[in-house]
Amino acid sequence: MPSQTEIADALGLTRQRVSVLVKQGMPVDSVEAAMAWRQARDDERRRPAPIPELETLTDLSLEQSIITHKARVEHAGEIWDAAMRGGDTNQGKYQSAYNAAFKTLIDLEAELERRRVTNAEFISAKEATAAMRELIAEVVNRLDKLALDCAEGCNPETPAKAVKVLEAWVRKTREELSRASG
């Protein structure tokens with residue numbers, strides 16, 4: 001069995017660092033075992049957090065994941081910012097964590113948008129314009145009928161006076177709609 005000094009030399013560490021690692025569970029029965037233990041720990045630390053497969057998420061759970069992930073990105077940004085202001089030597093790691101979280105958020109949002117387009121939750125500008133024209137035409141048709149349909153209810157004794165007032169209001173409203181849609 002090698003000494004801690006021999007393990008430290010083989011791993012390129014100080015003896016004090018080896019003592020700390022031994023307390024954390026590093027085996028000292030061989031240099032190979034110590035190296036394997038450190039490599040396994042490094043691999044575990046570097047492994048990204050598991051991200052659920054995008055195809056297995058429903059749209060609702062995807063939206064909830066985005067909300068949760070936005071909070072995580074904000075938190076990672078705050079940690080990175082504090083590290084930069086405090087001169088923390090680990091600020092590069094915090095920046096990497098922030099960047100990875102931000103990239104994941106962008107990927108999640110892109111997937112949600114892709115699904116919405118696939119599910120036809122978005123319409124083209126051409127379709128939207130046509131729908132708005134139809135809607136405005138319906139409003140104008142109803143405005144044109146307003147005076148005759150409402151005059152008697154507005155002034156039962158002299159509906160003709162109400163017709164004139166209502167027709168004036170309709171003309172003014174049509175002009176405003178025309179300017180707004182022009």
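None of the figures in this text is laboratory data; all of them are computed from the coordinates on show. Just so we're clear, the structure is a prediction, and the values are computed from it rather than from any experiment. Glycine gets a Cβ as well: all are built from the backbone with ideal geometry, and neighbour counts include every protein chain shown.
Below is a table of values for the structure above.
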read-out: Rounded, prolate or oblate (a/c below 1.5 giving rounded, otherwise prolate when a/b exceeds b/c) for region 125-181 by Cα gyration tensor; value: prolate
read-out: Anisotropy class of the chain from Cα gyration tensor, a/c 1.5 cut; value: prolate
read-out: Under the Karplus curve 6.51 cos²θ - 1.76 cosθ + 1.60, θ = phi - 60°, whole-Hz ³J(HN,Hα) for region 20-25, x wherever Gly or Pro sits; value: 4, 5, 4, 5, 8, x
read-out: Two-site label geometry, SER61 and LYS93: point separation in nm, points 7 Å out along Cα→Cβ; value: 3.2 nm
read-out: Cut-off of 10 Å, at most 16 other beta carbons, DSSP loop: longest stretch of the chain lacking such GluC sites (Glu not before Pro); value: 54-120
read-out: Student exercise, the chain dipole from Lys, Arg, Asp, Glu Cβ charges, in Debye to nearest 20; value: 480 debye
read-out: Cα long-axis angle, helix 91-118 against the chain (0 to 90 degrees, to the nearest 10); value: 40 degrees
read-out: Angle between the chain longest axis and helix 59-86 axis [Cα atoms, degrees, rounded to 10]; value: 60 degrees
read-out: Unit charges at the beta carbon, dipole of the chain: most positive-side option, LEU177, PHE102, ASN141; value: LEU177
read-out: Gain in span if fully extended, GLU175 to CYS150, counting 0.36 nm per residue against the direct Cα distance; value: 6.9 nm
read-out: Eligible aspartates and glutamates near LYS164 by straight Cα distance, threshold 18 Å, same-chain separation 8 or greater; value: ASP144, ASP149, GLU152, GLU175
